Amino acid sequence: MSGSPAERAILRSLDTHIGEACGVFGVYAPGHPVADLTYLGLYALQHRGQESAGIAVSDGETITVVKDMGLVAQVFDERRLAPLQGHLAIGHVRYSTTGCSSWRNAQPLYRSVAEAGFALGHNGNLTNTAALADDLGMLPGMGVVGDAGDSTTDSDLVAELLAREYAEHPRSDGRDLEVALERVLPRLAGAFSFVLMDEAHLIGVRDPHGFRPLVLGRTEGGFVVASETAALDIVGAHHVRDVEPGEMIVIDASGVRSRRFGDPSPRLCLFEFVYFARPDSELYGQSVHAARQRMGEELARQAPVAADMVMPVPESGIPAAQGFARASGIPYGDGLVKNRYVGRTFIQPSQSLRGRGVRLKLNPLVENIRGKRLVVVDDSIVRGTTTRQVVAMLREAGATEVHFRVSSPPYRWPCFYGMDTGRRSELLAADMSVGEIRGFLGVDSLAYLELDRLLAATGAGPGSFCTACLSGDYPVPVPEIDSKHVLEAEPAARA
Ligand code: SF4
């Protein structure tokens, strides 16, 4: 998220959802404009992170990194892309919470070791950073001293571990990064989808649970790795396959090699299906958009209600509302208009505008709402403050009944695997029953999609997901403190 701290605070106050994670992209394509392709890939992944963007390019001898705070289109223009010539590149878009919004945490990270160097982009969040810091001889909370100065993100710890392996075990075959990864990856716990590069190799890595997506694509003259298939589409690549949980893929002049560093136990983040991933991406071979529509259909079957119109909270609730309307036979209509530019531009509202809250983002279509019994569909309720304002706005606009339907179960537990949910105490459903939430929101009825129905709607195997924020069943042990942040010196750091 870009802009001043005050602007970011305002934009966050308008955010109905969990903060996104990060997006990663990499391309190996000699003879092709790899920096331009990476720019396009990051553009397609912008929804996964809006705070900073960066690209690292190798021409075979030198790695050049350009990164800055802001959206992809703000960080890069023709002038900044033109010098980035080479045959392989990685890119990163980053999301983080207020407090660590700084250039030094932007990625790709770069480390030089002797005459060589490598760059790294990370999507996810490690859960054993304290132990790793201990291994490095650091007290938890102390920074890593690297090329970019003191830094405290889990991604920096990984870069530091790799750099030390690099330095301690120099090789003559050019496989330094690959071999360093083979040593370091088994020591990492939690969520990590990495793109890495040295002067000659592009590497994609996915943790043994595969919390975050990572896909391999084929493009003219080369290969692409990306967080989502939608980023392959934009560069004209076709989806070859997912990078498997526990797999490292190495791409160089000899082609693609695969290495296993951990036993796969797939637990893809279920919220990638519900909200995070682009609707035009595929996960587990399923269309995300179609899955979200099926979630709405399931919701209509589970919690039917007599009403005049089904409407989404735009844009997050649109596919599920379409599914609800289709299954229920109740007409679909628009009841709210979203200002598309909130969160996308450097708005500078004064303090006095803060009170207008949700109206900066959503405005009711009074002629569609007045006198109607509404079914309002959204994909999730996290903190609930915006939902409450939306309901009040619809009533003010003349709705006679408001029935709220949510296409996922109550969000009760914080995420430790790379999503910004805030602390448990900030989650509306953490300590409230559905009946109490109904009262808090001021709706006539409220229903959340049951977990087994949600899992069925994805079209993928039910055992292949992380559901921790909905079930409290954490696939990887998490720190006992009620915080998603393990590196205490900079508690909001994440990749
Ligand atoms: S806890 Fe929730 S948001 Fe986090 S990875 Fe698991 S399903 Fe996704």
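The values are calculated or read from the model by the stated rules, or taken from the named source; none is laboratory data. These figures come from a predicted structure and were not determined experimentally. A quick note on method: Cβ atoms are made from the backbone with ideal geometry, for glycine too, and the neighbour counts reach across all protein chains shown. For accessibility, only protein heavy atoms count, side chains too; no ligands or nucleic acids. Shrake-Rupley method; radii C 1.70, N 1.55, O 1.52, S 1.80 Å.
General remarks:
- A protection proxy built from the mean count of other Cβ atoms within 10 Å ranks the segments 327-334, 158-165, most packed first, as 158-165, 327-334.
- Solvent exposure of segment 5-267, expressed per residue, is 33 Å² of accessible area, with all protein chains present and a 1.4 angstrom probe.
- Of all aspartates and glutamates in the structure, the ones whose alpha carbon falls short of 12 Å from that of Lys338, not counting any fewer than 8 places away in one chain, are Glu315.
- Take the Kirkwood radius over Cα pairs of segment 155-221, plug it into Stokes-Einstein at 10 °C and 1.306 mPa s, and you get 121 µm²/s for translational diffusion.
- Within straight-line cross-link reach of Lys372, aspartates and glutamates at Cα separation under 17 Å, skipping those fewer than 8 residues along the same chain: Asp308, Asp334, Glu396, Glu401, Asp444
- 3J(HN,Hα) couplings calculated from phi for segment 159-164 with the Karplus curve 6.51 cos²θ - 1.76 cosθ + 1.60 (θ = phi - 60°) are, in sequence order, 4, 5, 4, 5, 4, 5 Hz; Gly and Pro show x.
- Convex hull volume per residue for segment 166-261, taking Cα atoms only, in Å³: 92
- A crude spin-label estimate for the pair Gln302 and Ser265, with each label 7 Å from Cα along the Cβ direction, gives 2.6 nm.
- Debye intensity ratio I(q)/I(0), log10, segment 290-460, q values 0.11, 0.18, 0.19, 0.20 Å⁻¹ (C-alpha model): -0.46, -1.21, -1.32, -1.42
- Taking a ≥ b ≥ c as the square roots of the eigenvalues of the Cα gyration tensor, an a/c ratio below 1.5 marks segment 5-267 as rounded.
- Accessible surface, per residue, of segment 290-460 when the full set of protein chains is kept, probe 1.4 Å, Å²: 42
- Residues of segment 263-279 with amide N under 17 Å of a point placed 7 Å along Cα→Cβ from Leu365: none
- Our note on the geometry: Cα centres of segment 217-274 and segment 156-201, 18 Å apart.
- Most to least packed among 218-226, 68-76 [average Cβ atoms within 10 Å]: 218-226, 68-76
- Ranked packing of 190-203, 432-445, 49-62, 243-256, most packed first, by mean Cβ within 10 Å: 190-203, 49-62, 243-256, 432-445
- Of all accessible heavy-atom area on segment 5-267, the percent that carbon and sulfur account for (1.4 Å): 51
- For segment 300-311, the Karplus equation 6.51 cos²θ - 1.76 cosθ + 1.60, evaluated at θ = phi - 60°, returns couplings of 5, 6, 6, 9, x, 7, 7, 7, 9, 8, 9, 9 Hz by residue, with Gly and Pro reported as x.
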